[in-house]
Amino acid sequence: MIIVEPSPDTPLVWFDIAIRGGASADPRGVEGLHRHAAMLARRGAGSRDRAQLDDVLDGLGAAIDVGVSRDSVSISGLALSRHLDEVIALAADMLAAPRYDEDEHARLLRETPQVLDEVRDDDSALATRWFDWVCAPGHAYGRTSLGTEASLAAIDRTAAAELWRREVVADNLIIGVAGDVDETRAHALAARLTERLPKTPRPPVVATSGVVESRGRRAILVDKQDRTQAQLRIGHLGMRYGEPDTAAIAIAEAVFGGMFSSRLMQEIRVKRGWSYGAGCGLRRSRLPHWFEIWMAAGIDVAAPAVALALELFADFAANGPTDDEVDFARSYLIGSMPFHVATARQRMQLAVRDAVFDLPPGFTANLPASFPTLSADDVRAACRRQLRPDDAVTVAVTTAETARDALAACGAGALTVVDHDEY
Amino acid sequence: MTWQLEAEAPAGRGVVARRFRLANGLGVIAAVDKRAPIVALQTWFRVGSRHEKVGATGMAHLFEHLMFGQTEELAPGDFDRLVERTGGESNAATWVDWTYYRLSLPARDLPLGVRLEAERMQHLVLEPTPVEAERDVVTNERRERVEDDVDGWLDEQLMALAFTTHPYRWPTIGWMEDIRALSLPDIRGFYRTWYAPNNATIVCVGDFEESALLDLIASHYAHIPAAQLPEATSTAEPEQTRERVVRAPKPIATDRVLVGYKAPGQDEVDWPALEIVATLLAGCPSARLYRKLVIEHEAASSVDAQLTPFRDPSLLRLAITTARGHDADEVLGIIDAEMAALIASPPSKAEVEKAKALAETDFWTSLVEIDGKAEALGHYETALGDFRKVNQMAERLAQVTVEDVARVAQKYLVKERRTIVIAEPEAELPEEEEDE
């Protein structure tokens, strides 16, 4: 699949290559495998080792980066249009002929635990890591895309190479090109990217999953010394982005925590000054994902902030937004879409993302067209169907010595305390 | 009303930025770009944390928060609601040399944006209750960005140690005790002093007609009187003649190191060459320090370089996260060896051309989105006095030679001119012994 958004506004070209699959398809016990395979492909391809690849790209003023999400591996490039052919050739090598050098494999296995260290040093990233893990045990998206010390030890170079061979076939790629390039040239470049790839049908995307239904509230305190705040995440497994309730829940999100005028922001930040920010959202993915509330409250008000957020959440799930709130959010969402599609790069990336999620072309860009067709009652009914505050999981990264007792008593459910470097 | 065109220059392909001025001193930079039906409307004030006083740090930033509050015409919360109802967004930022406010609006709502900005420039209402609420928000922001964030803490410590006299030495967010002590009379005084048309530039990029914009701005701003601004003072930072180092424990896994070499201001002749040096050291995957520290020695998991874009003398900063089993002293030894090598043996032409190619890509990237374009124009106009320096900087970077790089490396990358802050892992508490 090829998506092209030409724009001569700058002499830059961006390309995004999404390989369907991603971290949710990592074998159980080998979390981090897709990330490892992608990183290795960047560290030597074709006739060039890592250093040579870096030298060429930097010399052209270009960049090729790899990334992994739960649903895809991505190879993203940026080049000055006069160097585009050369950069595409390098990306084609990464796809068709990654070297998978033994040295680079061993080096990457030494490096990745240190990325884990950096995540643990960052309270917000740590809160997200734990929330992902505990929100819906067994869910494909609950498994870390980075890996754990144990799963990294299980990563085998041959398995990584085999994964790449299996998944990097022409039919399994979504290629987006945007910028200083016309349709004809873009299609020719996309053909160069795939010409050496197998023409076999794309493999099925098997997200390794087995959700254990989680009922009732529970809370996890991730203990870290000397915190002055608590990074908080509250939520549950929600619906899939693209389901019939998507437009209604988008309105609900905006009302509850998607704008500065939202209920969470007004109650937590504006009225009480408890947190610099507060918001909520349904994670956009190919499968059902979390509905999540986030904020960072001072440690002395963390428990009242959690209690208030749960109270607001319960009220919102049961009663939904008011008619005025729906009107306001509708106006906001319709008016804001032009900002998300203002540049060729934005339009291309949105279209690639929709394709990765198996959504119809233009799904997200056209979503605002649905908003006027929804009544406030429709939105309220969707809230009752999709929001489950009684099953919310709360994660707090903070200092147990100070915050434990209050958090245990604030209505978030049974509290478990864990060390911040346990996972 | 007849506007005087002061200056014009390209702002990307097919876009021209033009500067005009009102009699009261208000500058307007307009860049028509009709690719999308949106506008970026930014108001830049020539006031930042450098204009604060000892004991009252954080004023400019706290005030920035308060600018979204009640005015004579708007009830509390109205500002944000009016903007969000259009689908737009509002935000602001404060740094050492400026504060700016940005509105991203659908093109049809540009008149609303101009009205709101003019209203809060002159008619802000500052009362105790909302001030206290916003003070709490700012203290939480400080906790999140500094006290519980090791990178924020390193940054704050570096500036406090590297600068002994210049007001760059205190954090833009302010010291916690100062934030708590800022008085309402002082806050009101700050507003009256600095928030005036002759201390501001409006930057507008996007889908609009230039003449209509100018008429709109004139109708809302022409009557606002200029203020008597404080005399511009310049506090010369004494030359640093000895290396400065500080260490402290933090709840982290491995050492974090932040190094700052004294560097010239962004308008100085040596700036572009130093920007190239920063790229050569740690600005790309093939950069020298990245290769030495991360790949060859595996002594670091990450290294970044940044030359801070300050008006007055700034810093070339290196930020390093050490790898497990390695420490700050080892990393600093490797850095010293690389700096010595760079000074002893200048880079090749190919290496310099590489950095210049990356600079070219960065230049164009900064002009892709209208918000980014407006920000680039606003920064250069406000910090350095002329928006045309956006393009001039790109030209200066393209002209840097191997000799320039060699010269600035020798002049600036010396131990005596640097400051180092090290965060070390806190010692683990011994496990409690269980009674048998």
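None of A:G176, A:G142, A:G147 is touching a Cys at 6+ places or on another chain (Cβ under 9 Å) and not hydroxyl-bearing (S, T, Y) except A:G142. Applying the set (1) within 14 Å of chain B (Cβ to nearest Cβ); (2) more than 25 Å from B:R145 (Cβ to Cβ); (3) among the hydrophobic types (A, V, I, L, M, F, W, C); (4) open to solvent by 10 Å² or more (accessible area, probe 1.4 Å) to A:I251 leaves exactly one unmet item: (4).
Scanning segment B:76-91 for residues that are closer than 12 Å to B:L116 by Cα and either open to solvent by 20 Å² or more (accessible area, probe 1.4 Å) or basic (K, R) (or both) yields B:D78, B:R81, B:L82, B:S90. Scanning segment A:166-206 for residues that are assigned to a loop (DSSP other than H, G, I, E, B) and touching a residue at least 12 places away in the same chain (Cβ under 8 Å) yields a total of 16.
For A:G147, the test of being surrounded by 15 or more Cβ atoms within 10 Å (Cβ to Cβ) and in a loop (DSSP other than H, G, I, E, B) is passed. With respect to the conditions (1) surrounded by 21 or more Cβ atoms within 10 Å (Cβ to Cβ); (2) more than 14 Å from chain A (Cβ to nearest Cβ); (3) outside any loop (DSSP other than H, G, I, E, B); (4) not aromatic (F, W, Y), B:V303 falls short on a single one, namely (2). Going by the structure shown, is A:V379 touching a residue at least 24 places away in the same chain (Cβ under 8 Å), open to solvent by less than 30 Å² (accessible area, probe 1.4 Å) and over 30 Å from A:A207 (Cα atoms)? For A:V379, the condition - touching a residue at least 24 places away in the same chain (Cβ under 8 Å), open to solvent by less than 30 Å² (accessible area, probe 1.4 Å) and over 30 Å from A:A207 (Cα atoms) - is met. Which ones in segment A:32-55 are under 13 Å from A:A160 (Cβ atoms) and assigned to a loop (DSSP other than H, G, I, E, B)? Hits for segment A:32-55 are A:G32, A:R43. For segment A:103-112, a residue qualifies if it is under 17 Å from A:V68 (Cβ atoms) and facing another protein chain (nearest Cβ under 7 Å), and exactly one does: A:E111.
Taking the stated definitions as given, is A:A230 within 24 Å of A:D405 (Cβ to Cβ), crowded, with 22+ Cβ neighbours inside 10 Å, in contact with a strand residue (DSSP E or B) (Cβ under 8 Å, 6 or more places away or on another chain) and within 14 Å of another protein chain (Cβ to nearest Cβ)? Lay out the reasoning, then the answer.
On the way: within 24 Å of A:D405 (Cβ to Cβ): yes; crowded, with 22+ Cβ neighbours inside 10 Å: yes; in contact with a strand residue (DSSP E or B) (Cβ under 8 Å, 6 or more places away or on another chain): yes; within 14 Å of another protein chain (Cβ to nearest Cβ): yes.
Judged against the criteria, A:A230 is a match.
Across segment A:48-68, the number of residues qualifying as surrounded by fewer than 20 Cβ atoms within 10 Å (Cβ to Cβ) and either under 25 Å from A:V205 (Cβ atoms) or in contact (Cβ under 8 Å) with a residue 12 or more places away in the chain (or both) comes to 7.
Looking across segment A:329-365 at every residue that is of a type in the set (F, W, Y) and more than 9 Å from chain B (Cβ to nearest Cβ), the one that is most open to solvent (accessible area, probe 1.4 Å) is identified as A:F363. For segment B:311-327, a residue qualifies if it is surrounded by 23 or more Cβ atoms within 10 Å (Cβ to Cβ) and either within 12 Å of chain A (Cβ to nearest Cβ) or of a type in the set (A, V, I, L, M, F, W, C) (or both), and the qualifying residues are B:L315, B:L316, B:L318, B:I320, B:T321, B:T322, B:A323. Counting the residues of segment A:119-139 that are at pLDDT below 95 and among the basic types (K, R) gives 1.
Figure legend. Inter-residue proximity from segment B:259-281: first residues closer than 18 Å to B:R418 by Cβ and aliphatic (A, V, I, L, M), second residues in a loop (DSSP other than H, G, I, E, B) and open to solvent by 10 Å² or more (accessible area, probe 1.4 Å), beta-carbon distance below 7 Å, spacing 6+ or different chains. Indicated pairs: B:A263/B:P313.
Restricting attention to segment A:375-392 and to residues that are small (G, A, S) and assigned to a loop (DSSP other than H, G, I, E, B), the residue that is farthest from A:G320 (Cα to Cα) turns out to be A:A392.
Taking the stated definitions as given, is A:V177 open to solvent by 20 Å² or more (accessible area, probe 1.4 Å) and under 22 Å from the mean Cα position of the chain (by Cα)? Show your work before the answer.
On the way: open to solvent by 20 Å² or more (accessible area, probe 1.4 Å): no; under 22 Å from the mean Cα position of the chain (by Cα): yes.
So A:V177 fails the test.
Being surrounded by 21 or more Cβ atoms within 10 Å (Cβ to Cβ) and outside any helix (DSSP H, G or I) is true for just one of A:V395, A:V326, A:V418. Which residue is that?
Numbers: A:V326 fails: outside any helix (DSSP H, G or I); A:V418 fails: surrounded by 21 or more Cβ atoms within 10 Å (Cβ to Cβ).
It is A:V395.
Based on this model, can you work out whether A:A161 counts as touching a strand residue (DSSP E or B) at 6+ places or on another chain (Cβ under 8 Å) and part of a helix (DSSP H, G or I)?
Values: touching a strand residue (DSSP E or B) at 6+ places or on another chain (Cβ under 8 Å): yes; part of a helix (DSSP H, G or I): yes.
Yes, satisfied.
B:Y100 meets the conditions (1) in a helix (DSSP H, G or I); (2) away from chain A (no Cβ under 14 Å); (3) in contact with a strand residue (DSSP E or B) (Cβ under 8 Å, 6 or more places away or on another chain); (4) not aliphatic (A, V, I, L, M) in every case but one. The failed one is (1).
For every residue, the table says whether it meets (1) in contact with a helix residue (DSSP H, G or I) (Cβ under 9 Å, 6 or more places away or on another chain); (2) over 30 Å from B:R19 (Cα atoms); (3) more than 14 Å from chain A (Cβ to nearest Cβ).
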{"residue": "B:A340", "(1), (2), (3)": "no, yes, yes"}
{"residue": "B:I343", "(1), (2), (3)": "yes, yes, yes"}
{"residue": "B:P346", "(1), (2), (3)": "yes, yes, yes"}
{"residue": "B:E353", "(1), (2), (3)": "yes, yes, no"}
{"residue": "B:S366", "(1), (2), (3)": "yes, no, no"}
{"residue": "B:Y380", "(1), (2), (3)": "yes, no, yes"}
{"residue": "B:Q392", "(1), (2), (3)": "yes, no, yes"}
{"residue": "B:R418", "(1), (2), (3)": "yes, yes, yes"}
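Across segment B:11-24, the number of residues qualifying as in contact with a helix residue (DSSP H, G or I) (Cβ under 8 Å, 6 or more places away or on another chain), open to solvent by 20 Å² or more (accessible area, probe 1.4 Å) and either part of a loop (DSSP other than H, G, I, E, B) or within 24 Å of A:P8 (Cα to Cα) (or both) comes to 1. Contact map, segment B:146-159: residues that are within 8 Å of chain A (Cβ to nearest Cβ) and farther than 12 Å from B:W170 by Cβ paired with residues that are small (G, A, S) and crowded, with 19+ Cβ neighbours inside 10 Å, Cβ distance under 8 Å, separation 6+ or inter-chain. Pairs shown: B:V150/B:A423. On inspection, B:P238 does not qualify as in contact with a His (Cβ under 8 Å, 6 or more places away or on another chain) and open to solvent by 10 Å² or more (accessible area, probe 1.4 Å).
The rows are residues; the columns are (1) within 14 Å of chain B (Cβ to nearest Cβ); (2) surrounded by 24 or more Cβ atoms within 10 Å (Cβ to Cβ); (3) at pLDDT 95 or above.
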| position | (1), (2), (3) |
| --- | --- |
| A:A247 | no, no, yes |
| A:F260 | yes, no, yes |
| A:M265 | yes, no, yes |
| A:R272 | yes, no, no |
| A:G281 | no, no, yes |
| A:W290 | no, no, yes |
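The values are calculated or read from the model by the stated rules, or taken from the named source; none is laboratory data. Here the structure is a predicted model, which means the values were calculated and not measured. Every residue, glycine as well, gets a Cβ built from its backbone with ideal geometry; the counts of neighbours run over all protein chains shown. Remember, those area values only see protein heavy atoms, side chains included, never the ligands or the DNA or RNA. Shrake-Rupley method; radii C 1.70, N 1.55, O 1.52, S 1.80 Å.
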